[in-house]
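The block underneath contains the structure these notes are about, expressed in structure tokens.
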Amino acid sequence: HRFALPVLASGFSTQKQSSSTMQNFDFYNPTRILFGEGRISEIDDHVPPNANVMVLYGGESARRYGTLHEVVESLGNRRITEFGGIEANPRYETLIRAVEKANTAKVDFLMAVGGGSVIDGAKFVAAAMTFEGDPWSILTQHGANVQSAVPFGTVLTLPATGSEMNQGAVVTNEKRRSKLAFKSPHVFPQFSVLDPTKTYTLPQRQLSNGIADAFVHVIEQYLTYPTGAMIQDRFAEGLLKTLIELAPKLNENNHDYPTRASFMWATTWALNGMIGAGVPKDWASHMIGHELTALYDIDHARTLAIVLPSLLRERREAKREKLLQYAGRVWDIHEGDEESRIEEAIKRTRSFFEGIGIPTYLSDYDLDDAAIDAVVTNLRSHEMTELGEQKEITPEVSRKILQRSL
Ligand code: NZQ
Ligand code: ZN
């Protein structure tokens, strides 16, 4: 009946129509992917020969495991400025120092070597270097005011966020306890190197984080309400099933190339714009999760595992049809009445996170009611007051969601 609505309702209500058919969309993704073992040496072919490059990286991993050296080697005789020390959940204050250093050195190309934090950091630096006015407003205006950016490439060392092939970034301002996102078509990477062997040094915790983050990226763009978007739905279900299949094989001691290759490519596709084209999106788990990270420094992916299962339960009526589709097509749950199938799908989602070693209750992180109050207060001050695909997740609904995770 939902699928019949557009036809029946076409003369009456465009609103109903837009809520049950695929929406109009632009699909634009200019990022070149250099996928496979040994591709770092080809960076040389994709950076302008006379570029004055800043290489950005995180703590120690890029240097310790030799990736930084390979990148510098490939850049040959180009002028290079290094900027290390970009934190997990990159700090605004650190990135502003990178902007100053890059502008002083007249840098005109950036290379990010790391995970989502370093790549996001580079995106912010790229936009802030040419920005006139207070760069903090890039984040408070979520990128709407970004007119240009310095071009950049990336070498991904941690499959998780999808930042290597998208136009988004998230930056934390420690003083303000704010973690805010921005997006702009100017900050798509020019190219990204995806070498699955670069994941071999990842500890279990980061592998599990990567699985969980990508899983929730897909869910946030899929588990909303039906719009008849067959391609996006089937693609999303394929990604979810792939992540579920890969999860038990992804452990820090198993350096199986095909497993790592599929893992890396799945996380990229989870958030490169394709499955989100023309469909409603939730993103409430992310927005609530960002507050948890800003306040309590919990890994991004772990915050999602705390929020999502409870969000699905709180929003089960609004998401009913998609929950049933998810139960059947992703978890192969076909027995029982609708309520029990939905319940089982939500349970399996929570066990999936627990099964890869990610605790899903606030108490597992030593948090209680006081933390919920703090998150709700910050959601208000960040104007996160109408979240979700139906804009119905007010701060009070966010509170109920978190209370289900106590
Ligand atoms: O700092 P180093 O020493 O390099 O260590 C890092 C870091 O401590 C380590 N690491 C990275 N590659 C490694 C490695 N250790 C061993 N071997 C390697 N090959 O891993 C730790 C975590 O890195 P980080 O980059 O913080 O992780 P992740 O990729 O999960 O990124 C998380 C950030 O991305 C944002 C998150 O909010 C968070 O700030 N997100 C960005 C998105 C986007 N741009 O589209 C979407 C996401 O939803 C997410 O919000
Ligand atoms: Zn995420």
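The values are calculated or read from the model by the stated rules, or taken from the named source; none is laboratory data. Predicted model, so just to flag it, every value in this text is computed and none were measured. Please note: Cβ atoms are built from the backbone with ideal geometry, for glycine as well, and neighbour counts cover all protein chains shown. Remember, those area values only see protein heavy atoms, side chains included, never the ligands or the DNA or RNA. Shrake-Rupley method; radii C 1.70, N 1.55, O 1.52, S 1.80 Å.
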### Within the range 356-393, GluC sites (Glu not before Pro) in DSSP loop having at most 14 other beta-carbon neighbours inside 10 Å
Glu383, Glu386, Glu392
### Query
What residue among Pro159, Pro135, Pro203 shows peak mean-square fluctuation when the chain is described by a Gaussian network model with Cα springs under 10 Å?
Pro203
### Task
Using Cα positions and a limit of under 30 Å, work out the lysines in reach of Lys175, with same-chain residues fewer than 8 apart set aside.
Lys101, Lys106, Lys123, Lys183, Lys391, Lys400
### Task
Looking at the chain, send over the antiparallel percent of its DSSP beta bridges, to the nearest 5.
25
### Message
Quick check on the chain: take the gyration tensor over C-alpha atoms, sort the square-rooted eigenvalues as a ≥ b ≥ c, and tell me if it's rounded (a/c under 1.5), prolate or oblate.
### Response
prolate
### Task
For the chain, set up a Gaussian network in which alpha carbons nearer than 10 Å are linked by springs, and say which option among Asp373, Asp256, Asp134 fluctuates the most.
Asp134
### Message
Please give me, ordered by residue number, the trypsin sites (Lys or Arg not before Pro) of the range 73-129 that lie in loop per DSSP and have at most 12 other Cβ atoms within 10 Å.
### Response
Lys106
#### Entry: Positive-end extreme of charge dipole, the range 41-189 - chosen from Leu95, Ala160, Ala51 (charges on Cβ)
Leu95
### Summary
Probe 1.4 Å, all chains present, heavy atoms only: Ile211 accessible area in Å², nearest 10, is 0
### Summary
Toy charge model, Lys and Arg Cβ at +1, Asp and Glu Cβ at -1: the range 300-387 dipole around Cα centroid in debye, rounded to 20, equals 340
### Query
In deg cm²/dmol and to the nearest 500, what is the mean residue ellipticity at 222 nm of the chain if only DSSP H runs of at least 4 residues count, each as -39500 (n - 2.57), divided by the residue total?
-14000 deg cm²/dmol
### Query
What FRET efficiency comes out for the pair Asp108/Leu295, r = Cβ-Cβ distance, R0 = 45 Å, nearest 0.05?
0.75
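Accessible area per residue, 1.4 Å probe, Å², for the range 283-338: what's the number?
32
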### Task
Loop sites only, by DSSP: take the chymotrypsin sites (Phe, Trp or Tyr not before Pro) in the chain that have at most 16 other C-beta atoms within 10 Å and name the longest stretch containing none of them.
201-360
### Query
Counting other Cβ atoms within 10 Å of each Cβ, which GluC sites (Glu not before Pro) in the range 269-320 have at most 15 and sit in a DSSP loop?
Glu317
### Message
Placing +1 on the Cβ of each Lys and Arg and -1 on the Cβ of each Asp and Glu in the range 313-406, which of Leu362, Gly328, Val375 has its Cα farthest towards the positive end of the resulting dipole?
### Response
Gly328
#### Entry: Dipole magnitude of the range 240-398 about its Cα centre (Cβ charges: Lys, Arg +1; Asp, Glu -1), debye to nearest 20
660
### Query
For the range 129-214, which whole percent of the accessible surface, found with a 1.4 angstrom probe, sits on carbon and sulfur atoms?
49
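Could you report the range 61-134's accessible area per residue, 1.4 Å probe, as an integer in Å²? Before the final figure, lay out each step's value.
Working: 3140 Å² over 74 residues.
Using a 1.4 Å probe on heavy atoms only, each residue of the range 61-134 averages 42 Å².
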### Query
Which lysines does Lys249 reach when only Cα atoms under 21 Å apart count, and residues fewer than 8 places away in its own chain are ignored?
Lys198, Lys241
### Query
Is the range 319-387 best put as rounded, prolate or oblate by its Cα gyration tensor, with a ≥ b ≥ c the root eigenvalues, rounded for a/c under 1.5, and otherwise prolate when a/b is larger than b/c, oblate when not?
oblate
### Stretchable slack from Thr140 to Ile231, in nm (0.36 nm times residue separation minus alpha-carbon distance)
29.4 nm
### Summary
With every protein chain in place, the accessible area of Ser208 for a 1.4 Å probe, in Å² rounded to the nearest 10, comes to 10
### Query
What is the diffusion coefficient of the range 23-90 in µm²/s, taking the Kirkwood radius over Cα pairs and the Stokes-Einstein relation at 37 °C with a viscosity of 0.692 mPa s?
233
### Task
For the range 250-406, with all protein chains present and a 1.4 Å probe, just round the carbon and sulfur fraction of the accessible area to a whole percent.
47
### Query
For the range 351-406 and the range 109-181, what is the separation of their Cα centres, given in Å?
25
### Summary
Toy charge model, Lys and Arg Cβ at +1, Asp and Glu Cβ at -1: the range 56-96 dipole around Cα centroid in debye, rounded to 20, equals 100
### Task
For the range 79-150, just say rounded, prolate or oblate: build the C-alpha gyration tensor, square-root its eigenvalues into a ≥ b ≥ c, call rounded for a/c under 1.5, and beyond that prolate if a/b exceeds b/c, oblate if not.
oblate
